[in-house]
1. Non-local amide H neighbours of residue 92 (under 5 Å, H modeled in plane, Pro and chain starts lacking H): which ones?
2. Please check: in the Gaussian network model of the chain (C-alpha springs, under 10 Å), which one of 97, 187, 352 has the largest mean-square fluctuation.
3. Can you give me the distance in nm between label points at residue 276 and residue 357, each placed 7 Å from the Cα along the Cα-to-Cβ direction?
4. Which entry is the computed Rg and Dmax of the Cα atoms in Å for this structure: [x] 27.5, 92; [y] 23.7, 96; [z] 19.9, 62?
5. Please report the net charge: other residues with Cβ closer than 14 Å to the Cβ of residue 286, K and R +1, D and E -1.
6. Please give every one of the lysines within straight-line cross-link reach of residue 294, meaning a C-alpha to C-alpha distance under 21 Å, and leave out same-chain neighbours fewer than 8 residues apart.
7. What distance in nm separates the two pseudo spin-label positions at residue 326 and residue 56, each 7 Å out from Cα along the beta-carbon direction?
8. Provide the net charge surrounding residue 111, with neighbours chosen by a C-beta distance below 13 Å and charges set as Lys +1, Arg +1, Asp -1, Glu -1.
Amino acid sequence: MTQSNWDYPTKVRAGIGCIKELPDICHKSGIRHPLLITDSGISGTDMVKNILKDCQEKLGQFGLFDNVKSNPTGENVAHGLEIYHSGLHDGVIALGGGSVLDAAKAVALMSGQQHPLWTFEDIKGRADCVNVAGIAPLIAIPTTAGTGSEVGRAAVITDSSVPVKRTIFHPAMMPRVAILDGELTAGMSPQLTAATGADALTHCLESWCSPVYHPMSEAVAVKGIQMIKANLLRAFKNGQDLEARQEMLVASALGAVSFQRGLGGVHAIAQSLGALYDGHHGLLNAIILPYVLKANRATIDAAMDYLARMLELRRPGFEGVMEWILELRQSLDIPHTLAEVGIDDHQATLVGEMAFADGCSLTNPVRHSAQDYSKIFCQAVKGELRWL
């Protein structure tokens, strides 16, 4: 048996209405003067106003930082960190989608560090430099069901000077508590529901196909895909279906837990495009997914055969899984090509090189070259998908 080290994530409070427990959870986590990190798109909503009002009544002082980009940057983190220190805060509450959660995790990490943010990039293996005692307590509250960052040990932050997305990592970055309240996701548009749901599906599928030995994450990945199959279209068609919303939040968290086993070529390309074009990560994953699966087919046929059985698909094996994914994408109104979201192939060589250098490519079931990734990217731009 291959030797491996396993970690499982944070404490989770899940259920409709559990957001009301936030002040009590803050107290139990030792937070008395929190900084709420969110984005400008939701900071003025009734949902956030009600949360702020409840916390201010029960906690007193409360800070707000809502300047987080859809692909958070090192500058975002530095700005949030400045507000954290100037406000003498003692903890962080992250409320929003994956971008907000990642930015907040980076702020909490950096609140007590002496080294620059990029020191803690995953590929550098500098965990020994982290002052664990200096990481601020963090409570994570997702308002989208996609990244599962609320139970993750990393934050993806764009280094604008390159540009490239970098994964900042440390096991102690996991939030103290994650609050999964499906009612908070009911305001998502159908388009955002589709893109974030596809992100969760991609996490589960890529981790399922990873060659890394991690049987717990294998099991979690399959369960996540089953839950997405049962609930994503329901949530897309009826945003007020709170049962489906809650199940998708849980499935999203399972996806993040599962990718302790690793991700793959879909994320390697999508993260490169996110850095270059500032596109929505979940939507990019959704478009690219079948093209990478086709490129990996020779290695993942057995895994797809098992998955098709677990999902009770009409057709067996790889063909059945691919047919289901393509039908699901069509039902969710997700484009078939990158060209449809304004991405052409002029930077194909650079995209290939960036994808090959991305850490996610290391756990893709096939070790594709930079040229291979360029080819896959071009196929996704043009819609060249022959898989039968």
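1. Result for residue 92 returns 35, 138, 139.
2. 187
3. Modelled inter-label distance: 1.2 nm.
4. [z]
5. On the way: positive: 329; negative: 199, 206, 327, 333, 340.
Surrounding charge for residue 286 is -4.
6. 229, 375, 382
7. 5.4 nm
8. Working: positive: 105; negative: 82, 90.
So the environment of residue 111 carries a net charge of -1.
Bear in mind that the values in this text are calculations on the coordinates, not laboratory data. All values derive from a computational prediction rather than experimental measurement. Note that we place each Cβ from the backbone using ideal geometry, even for glycine, and neighbour counts take in every protein chain shown.
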